[in-house]
Amino acid sequence: MREPLLDIKDISISFGGISAVEDVSLNISKNEIVSLIGPNGAGKTTVFNILTGVYLPDSGEIYFKGERIDRKRPQTIVKKGISRTFQNIRLFKDMQVIENVLVGTHTRTHYSLFDSTFRTRKFRKEEDEKIYKAIEILKILGLENKKDEYAGDLPYGDQRKAEIARAIATGAELILLDEPAAGMNPQETDELLNCIRYIRSLGYTILLIEHDMRVVMNISDRIYVLDDGKLIAEGLPEAVANNPRVIKAYLGGELHVGN
Amino acid sequence: MRDKKISFNNLEKFLYQPSVFMILTGAALAVLLIVPWLGLNSYLMNIVVKVAIYITLALGLNILVGYTGLVSLGQAGFVAVGAYATTILTKVYGWNFFTSLIVCVVLAAAVGIVIGLPSLRLTGTYLSIITLGFGEIIRTVIIVWEPLTNGPMGIRGIPRPALGGITFTMANSGMYYLSLLLMLLVMLFCRTLVRSKTGRALRAVKGDETAAVMMGINVTYYKVLAFVLAAVISALAGSLYSTQLGYIDQNTFTFDMSTIILSIVILGGMGTLRGMVIGSIILILLPELSRSLTDYRFVIYGLILILMMRFRPQGILGWKSRLPYPIRKTVIERISGPQNQTADDGETNHA
Amino acid sequence: MLLQQIMNGVTIGMTYALIAVGYSLVFGILRLVNFSHGSVYAFGANSILFLISLNIGIIPAILIGILLTGILGVLIDKTALEPLRKKSAEGITSLITTIGVSSVITNLLIARLGSQKKAFPALFPTGEIIVGSIKFTYTQIGMLVISLALLICLLLIVERTKIGLAMRASEQNITAAKLMGINVNFVISFTFFLGGMSAAIAGTLVSSYYNMAYPNMGYTAGLKAFAAAVLGGIGSLPGSLLGGLVVGISESFAATVLGSEFRDSMAFIILICVLIIRPNGFLGKKSIKKV
């Protein structure tokens, strides 16, 4: 087995005495696509929030590239190489798409306020570089023609993609996608799937929260299932889909596997 | 509504064509330079200088309100810091005006940090209240610190700025050019700020603080920075303002002053530079020109705030620019190859 | 001497509490600092003074004035704030709107009545009771009794009546309250009405205490009351009382110990300290951040 890129060991967190995530362990290897699924309120987004430093876990440890990150601030974690999108899109609506992506490059832009005020060579060189990079990323997601639109004016599907572009722009190796297909029609979802595969082919690692089982079964290398804050299953898509505990967790409903 | 938007954008596209933009900027500069020869009487010239100073003040507040989304209700406090620092240094200690500006900048930056620090913990309205409290406390400091500020008696006979034997007065239009210079420099600064890492970080903080944090932006740092920039700009304008007035006391820097500056930003259009100009012209020039309105001046300011918020919260000249993001030629060539470069060449910045 | 200072502080602090209630109630439901509240208070005092000058008798003048001020509160909400709620505008727009309203009211008062200070009649007979080393003037006693009675009234309205229940429901969750069939706009208007009336009563008491009223009186008083509301935990009525007393007593001490010019700054200094150290106030609640 390869050395994991991300290794979560027994994290727990509770709010006001109610446990939201309990002893969850999870690992991801480089260049994998891993999904985290579970019914509403299972604690998936909470895991993301702990991972990105929004919440401090009550116990447990998180290692990223062998380095412990669970007590670090969100800014530091971004710099280390983990970036995310949000369930309820959080783009900078009054900024152009390209500006949103440029904000993503923030931690890796090093010129000072002095440089930008006096337009030094360093500023121009770096700014040109970032703009170039931003457009390259927008190309990956097929948004290069919409770079000058305001993020808030984009159609829903494109907003999701713009968030992914922004996350990639941070230079992160591990991208956390929080329900990227939510609210998309089947055609948009297919596009998104291709997009995610393409991003993986570029060397990124992806952790995905998703409700759409078609997406999850189609794209994941491995799946973790969370119910009521606890991990109830993990493994290859096929195995997870046929796991009786998982089926029960989804209110006895059937999982629709395949296309 | 829709038609108006489109026409604004067409107009904008036209105005910001590189050639048109250059010609217009040149023309505007030329007009500004010859203003003193237009034969305006000294009363009008005083108002023109006041407008320039208020544009500068609005530009400062705009960094807070327009870019970063922090509403400061205590700008008058920063203005007072600058005004008193320069006045005391020049009048009491005989410093040169321009040397005293250095102290003024450092002091204002320090005050800006102190006032910005609460943004570590507070957001929105609470932060605004802190700034308001700051504005009031500064006035108390002025009253109480009598040995330095001469207390409620105020300071009279503030000397005009002078450099190398030339005194900048209203009569020789030195004051006018000085305030114009400061205004233009600040404007230029704001323009470069928006199109930089710093400006984007500030606007990201306004757009969505949590998302900004998740992009690795140190939100606290940028909020404090916004306060520092606003404080320094306001203080510089305040220094100039005090030499124009020739007399200051604690009642020069009241909440009303902060309200006027805020009204300018809101009326003109937060987050824009053009808005600060039009806002100052309307709110400073008009009441002076029609003296009969003086009694109702602040009633009108109030109504402007209410009506703008209700019907055009983005301000008179606030609209979403439809211009493409300025990208330098070399970058475009790198992206698309030199054969099919498109319309957008050179640095077509826009405010 | 010490007790006397506390007593003076308590008297004036009670009136801050009355004004603070207006901030607190509105903030509880709308999460909005109603900046215009100070000017509403000034309107109360000045309109009552104006009505008294019409020789309709002091008591009718006061009652009409209180009613008018309550209506002014409702008007502010209906004309300026409700339309913004309908558009579900950002919080900053409402805040700026209330600053605008404040400017309009204060400066209309100045334009109509002049900005100078005018004598306000004493409402209570002169005289005093001396208990030990402390001197209670009849005015102080009157202020204490009326303020306390009013605060208890307000508390009873909020805690024991049907409309109070609706207010508390709206405070918890405005959308849910709407879904439960509560006429939220009416509840908000009623809140503004209560806030306006208590501000007018406070204005009358303070004006009579200092024997004067003027259009600008609302600015500092409003800010101090706001400080009191935040101090006690905005949204909580007992908190307003506690905050009002703390502000009143501390400014009374500041004026004696440090000098009268510190009186007005004291509230801000306390406010800033409280906001930085304990933003939710003494009796406020905490909330969990959601992403």
- request: Once you have the Cα-Cα distance between residue C:63 and residue C:160, take 0.36 nm times their residue separation minus that, and quote the gain in nm to one decimal.
  value: 32.5 nm
- prompt: For helix C:263-277, what angle does its Cα long axis make with the longest principal axis of chain C, in degrees from 0 to 90 and rounded to 10?
  reply: 40
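Please average, across the residues of B:118-127, the number of beta carbons from any other chain that are within 10 Å of each residue's own beta carbon, and give a whole number.
On the way: counts 4, 0, 1, 5, 4, 1, 6, 11, 7, 1.
Counting other chains' Cβ atoms within 10 Å and averaging over B:118-127 gives 4.
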message: If the elastic network links every pair of Cα atoms under 10 Å, which of C:59, C:76, C:249 fluctuates the most in the Gaussian network model of chain C?
response: C:59
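When you look at the Cβ of every residue in A:142-148, what mean number of other chain Cβ atoms sits within 10 Å? Could the numbers behind the result be given before it?
Details: counts 0, 0, 2, 0, 0, 3, 7.
Counting Cβ atoms of other protein chains within 10 Å of each residue's Cβ and averaging gives 2.
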- prompt: Can you give the angle from 0 to 90° between the axis of helix B:42-62 and the longest principal axis of chain B, with both taken from C-alpha atoms, to the nearest 10?
  reply: 60
- request: Compare C:216, C:55, C:185 in a GNM of chain C, Cα atoms joined below 10 Å, and give the one with the largest fluctuation.
  value: C:55
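Based on a Kirkwood Rh over C-alpha pairs, give the Stokes-Einstein translational diffusion coefficient of the range A:92-171 at 37 °C and viscosity 0.692 mPa s in µm²/s.
Working: Rh = 12.7 Å.
Translational D for this selection: 258 µm²/s.
Rounded to the nearest 500, what is the 222 nm mean residue ellipticity of chain B from helices alone, with -39500 (n - 2.57) per DSSP H run of 4+ residues and division by all residues?
About -20500 deg cm²/dmol.
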Within-14-Å neighbourhood charge of residue C:21 [Cβ basis; K, R +1; D, E -1]: -1
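I need the peptides A:204-211, B:247-254 ranked by packing, meaning the mean over residues of other C-beta atoms within 10 angstrom, with the highest value on top. Walk me through the numbers on the way to the answer.
Details: A:204-211: 21.5, B:247-254: 18.5.
Descending mean neighbour count gives A:204-211, B:247-254.
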Unit charges at the beta carbon, dipole of chain A: most positive-side option, A:135, A:118, A:8: A:118
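Over all residues in C:87-99, what is the mean tally of Cβ atoms on other chains that come within 10 Å of each residue's Cβ? If you can, show how the numbers build up before the last one.
On the way: counts 3, 0, 3, 4, 3, 12, 6, 2, 7, 13, 8, 3, 15.
Mean partner shielding for this stretch: 6.
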query: So which residue, out of B:331, B:65, B:49, gets the largest mean-square fluctuation from a GNM of chain B using Cα contacts under 10 Å as springs?
result: B:331
field: Positive-end extreme of charge dipole, the range A:92-171 - chosen from A:109, A:156, A:167 (charges on Cβ)
entry: A:109
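Taking neighbour counts of Cβ atoms within 10 Å as a proxy for exposure, in what order, fewest first, do A:22, C:159 appear?
Numbers: A:22 19, C:159 12.
Going from sparsest to densest Cβ surroundings: C:159, A:22.
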message: How big is the dipole moment of chain A about its Cα centre under a simple scheme where the beta carbon of each Lys and Arg is +1, that of each Asp and Glu is -1, and everything else is neutral? Debye, nearest 20, please.
response: 920
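Work out the FRET efficiency for residue C:276 and residue B:189 from their Cβ-Cβ distance, taking R0 = 25 Å, and round it to the nearest 0.05.
Efficiency, from the Cβ-Cβ distance: 0.25.
For the protein assembly as shown, with only Lys/Arg (+1) and Asp/Glu (-1) charged at the beta-carbon, what is the dipole magnitude about the Cα centre, in debye rounded to 20? Don't skip to the end; give the middle numbers.
On the way: 82 positive and 61 negative charges, 225 e Å.
Once rounded to the nearest 20, the dipole reads 1080 debye.
Translational diffusion coefficient of the protein assembly as shown at 25 °C, 0.890 mPa s, Stokes-Einstein with Kirkwood Rh over Cα pairs, in µm²/s as a whole number. If you can, show how the numbers build up before the last one.
Values: Rh = 30.3 Å.
It diffuses with D of about 81 µm²/s by this estimate.
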task: Compute the signed sum of charges (Lys and Arg +1, Asp and Glu -1) over the other residues within less than 15 Å, Cβ to Cβ, of residue B:83.
output: +4
- prompt: Hey, can you rank B:151-157, A:100-106, A:27-33 by average C-beta count inside 10 Å, highest first?
  reply: A:100-106, A:27-33, B:151-157
task: Pop a pseudo-label 7 angstrom from the Cα along the beta-carbon direction at both residue C:89 and residue A:71 and give the gap in nm to one decimal.
output: 4.8
statement: Dipole check, chain B, charges on Cβ (K,R +1; D,E -1), about Cα centroid: among B:16, B:34, B:85 the Cα furthest to the positive pole belongs to B:16
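At a 10 angstrom cut-off on C-beta neighbours, averaged per residue, how do the peptides A:41-47, A:240-246, A:108-114 rank from highest to lowest?
Details: A:41-47: 22.4, A:240-246: 16.6, A:108-114: 15.0.
Taking the mean over residues of other Cβ atoms within 10 Å, the ranking is A:41-47, A:240-246, A:108-114.
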- request: Rounding to the nearest 20 debye, state how big the charge dipole of the range A:92-171 is about its Cα centre with +1 on each Lys and Arg Cβ and -1 on each Asp and Glu Cβ.
  value: 280
field: Helix axis angle, B:219-245 relative to chain B longest principal axis, alpha carbon, degrees
entry: 50
task: Using a cut-off of 14 Å between beta-carbons, work out the net charge of the residues near residue B:140 (Lys and Arg +1, Asp and Glu -1, residue B:140 not included).
output: -3
message: If I require 15 Å or longer along the helix axis, counting alpha carbons, and a Kyte-Doolittle average no lower than 1.0, what helices from chain A are left? Use full DSSP H segments.
response: none
- prompt: Counting every Cα pair in the range B:44-319, what percent are over 32 Å apart?
  reply: 20
query: Relative contact order, percent, of chain B when contacts are C-alpha pairs under 8 Å separated by at least 6 residues?
result: 28
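Each value in this text was obtained by applying a stated rule to the coordinates, not by laboratory testing. Computed from a predicted model, the values in this text were never measured in an experiment. Note that each Cβ is placed from the backbone with ideal geometry, even for glycine, and that neighbours are counted across all protein chains shown.
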